[in-house]
Amino acid sequence: MTTRLSRLRRALADQGFSAALVTNLPNVRYLSGYTGTEGSLLVTVDHALFFTDSRYTVQAGIQVTPHGFEVVEFRKKFEEIGAYVQRLGIRSLGFEDEAMTVSFHKQLAGNLGDVKTVPLGNLATSLRVIKDAAEIAAIRKAVAVQERAMEKLLPMVVPGAVETHLAFELETEMRRLGATAFSFETIVGSGPRGAMPHGVASDKKVASGELVVLDWGCVVDGYCSDQTLTVSVGEPSDPDARKVYQIVLEAQRAGIGAVKPGMAMKAIDRVARDVIEAAGYGDRFGHGTGHSLGLEIHEEPRASMMGVGDAQVGMVFTVEPGIYLPGRFGVRLEDIVLVTENGAECLTTMSKQWRSTL
C-alpha cells in the first residue's frame, strides 16, 4: 500500500497537482487498505490523511495507519476536510470528478475558501490498471470459488428448474465457499431470455431443448471474478443453436489468442468481432468483447470498438463475445485473461466446449 501511495504522489507531481482528495471508495481501498463505507483521503507530497466518522475510526486505525495514513475523525465532513486543506496551505485541490456528485462538490467547494478545485479525471483510477501479485492471487481465489459453485449447480440445470432458484443455489454455494459478495446480479437466461445480454434471473422455468446463459461472479478478498457459460438442456430444439455456439467459441478463442503486450484493446475486440461478422451475425453482437475487472466488476481498459490504449503485462480483463437472437436464444462465452510477457493466461479454467446438462 505504501508503494501505491508513492505511485499516486508521483502521478500527481507528473500532472502538476499539489494535492488530491480521493473519495471513490474502490480507490480509497486500493491506496489505503480501508474496507469500510465512509472514508476519504487527502494526499499531498508530505501528508496522507484519512477522514472518516466515529463508526470507522477503530477499523481505520487498524487498516490504514500501517500504510502511512493519519486518521482524522470528523463530525461535519466537508467543513473539517476544508479546514485541513486550508491549514496545510493547499491552493489547488484535485478531486475525483468522475465519482463525486455535483451536490458533494458544492459542499466541498463551499468549505474551501479561496482554494481552487481541479478535476483529477481518472488519475487515481488509472493506478489500478496493472494488477500486482496480491491482486492477481485474490482474483484467482474468487475464480476458484465461482467455478466450484458452478460445478455443483450444473446438474440442477434441468427442465422445470426456475431461473431465480438456480441463481439462489449458485449464490448460496459461493457464499458457503468463502465469497463475501457477488460481483453483480447473477444472470440466468434460458431460451429466449438468453438473447438479453444482461437478463438477470426471472421466474421462468427452464425447458428441455433450451440454451441457458449463465453469467456469474463473486468477490473474495475484495476482488471480483466473472465468467459466462452457455449450456444446452439436452439436444437443442433450435436448429441453429450448435452452429451459433461454435461461431461464438471460435470468436472467443480468436480474441484470447490476440491478447499480447502492445496489442491495441480495440484490435483485440476487432479480432473476435471479425469472426462473428464473417459468419453473418455482426448485427447480433452489440457489446464490447471484454472489460477489465478487479476491485470493481467493470474497470478500464476495455476491449471494445471504443477501447483505448494497448494491452500491458499485468492487465486482467475478460474476453466474452456473444450472439443474441431475439425470440430464440443467446450464446455468450467468457473467460478472464491475464496479460503476460508471452501472451495471455486464462485465470478461469472451465471448459467452453459445448456441453449439455442432460
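The values are calculated or read from the model by the stated rules, or taken from the named source; none is laboratory data. What you are looking at is a predicted structure, and each value in this text was computed from that prediction instead of being measured. Virtual Cβ from ideal backbone geometry, glycine too; neighbours counted across all protein chains shown.
Per the listing ARG9, ARG75, ARG29, the residue uniquely assigned to a loop (DSSP other than H, G, I, E, B), basic (Lys, Arg) and out of contact with any helix residue (DSSP H, G or I) (no Cβ under 8 Å at 6 or more places or on another chain) is ARG75. Could you tell me which residue of the range 126-140 is surrounded by the most Cβ atoms within 10 Å (Cβ to Cβ), considering only residues that are more than 15 Å from the chain's Cα centre (by Cα) and not in a loop (DSSP other than H, G, I, E, B)? Across the range 126-140, the extreme among qualifying residues is ALA137.
Picking from residues in the range 141-155 that are within 17 Å of the chain's Cα centre (by Cα) and not charged (D, E, K, R), the one that is nearest to VAL339 (Cα to Cα) is VAL143. Residue count for the range 313-339, restricted to those that are touching a residue at least 60 places away in the same chain (Cβ under 8 Å) and either not assigned by TED's automatic domain parsing to the domain that holds GLY282 or not in a loop (DSSP other than H, G, I, E, B) (or both): 17. With respect to the stated conditions, ALA179 is closer than 30 Å to ASP132 by Cα, surrounded by 16 or more Cβ atoms within 10 Å (Cβ to Cβ) and over 14 Å from the mean Cα position of the chain (by Cα). Which of the residues spanning the range 12-26 are surrounded by 20 or more Cβ atoms within 10 Å (Cβ to Cβ) and part of a helix (DSSP H, G or I)? The one that is surrounded by 20 or more Cβ atoms within 10 Å (Cβ to Cβ) and part of a helix (DSSP H, G or I): LEU12.
Mind listing whichever residues of the range 202-227 are hydroxyl-bearing (Ser, Thr, Tyr) and either surrounded by fewer than 23 Cβ atoms within 10 Å (Cβ to Cβ) or closer than 14 Å to GLU171 by Cα (or both)? Listed by number, the residues that qualify are SER202, SER208, SER225. The strands (runs of 3 or more DSSP E) falling completely within the range 187-301 that include 2 or more residues that are in contact with a Lys or Arg (Cβ under 6 Å, 6 or more places away or on another chain) and not assigned by TED's automatic domain parsing to the domain that holds THR37 map to 227-232.
Taken together, the residues in the range 1-25 that are of a type outside the set (S, T, N, Q) and within 18 Å of PRO119 (Cβ to Cβ) amount to 11.
Please identify the pairs in which a residue from the range 262-284 that is more than 14 Å from ILE247 (Cα to Cα) has its Cβ atom under 9 Å from the Cβ atom of a residue that is surrounded by 16 or more Cβ atoms within 10 Å (Cβ to Cβ) and of a type in the set (Asp, Glu), counting only partners at least 6 apart or on another chain. Filtered contacts from the range 262-284: GLY262/ASP310; MET263/ASP310; ALA264/ASP310; MET265/ASP310; ALA267/ASP310. Per the listing GLY82, GLY113, the residue uniquely out of contact with any strand residue (DSSP E or B) (no Cβ under 8 Å at 6 or more places or on another chain) and modelled with pLDDT under 95 is GLY113. On the stretch given as the range 54-72, residues that are exposed (fewer than 15 other Cβ atoms within 10 Å of the Cβ) and either assigned to a strand (DSSP E or B) or touching a helix residue (DSSP H, G or I) at 6+ places or on another chain (Cβ under 9 Å) (or both) total 2. Residue count for the range 267-314, restricted to those that are surrounded by 15 or more Cβ atoms within 10 Å (Cβ to Cβ) and within 12 Å of the chain's Cα centre (by Cα): 12. None of GLU296, GLU345, GLU277, GLU341 is touching a strand residue (DSSP E or B) at 6+ places or on another chain (Cβ under 6 Å) and either among the aromatic types (Phe, Trp, Tyr) or at pLDDT 95 or above (or both) except GLU345. Exactly one residue out of PHE69, PHE78, PHE17 is under 24 Å from GLY222 (Cβ atoms) and out of contact with any Asp or Glu (no Cβ under 6 Å at 6 or more places or on another chain): that is PHE69.
Scanning the range 320-348 for residues that are among the aliphatic types (A, V, I, L, M) and under 16 Å from LYS131 (Cβ atoms), we see that the one that is surrounded by the most Cβ atoms within 10 Å (Cβ to Cβ) is ILE336.
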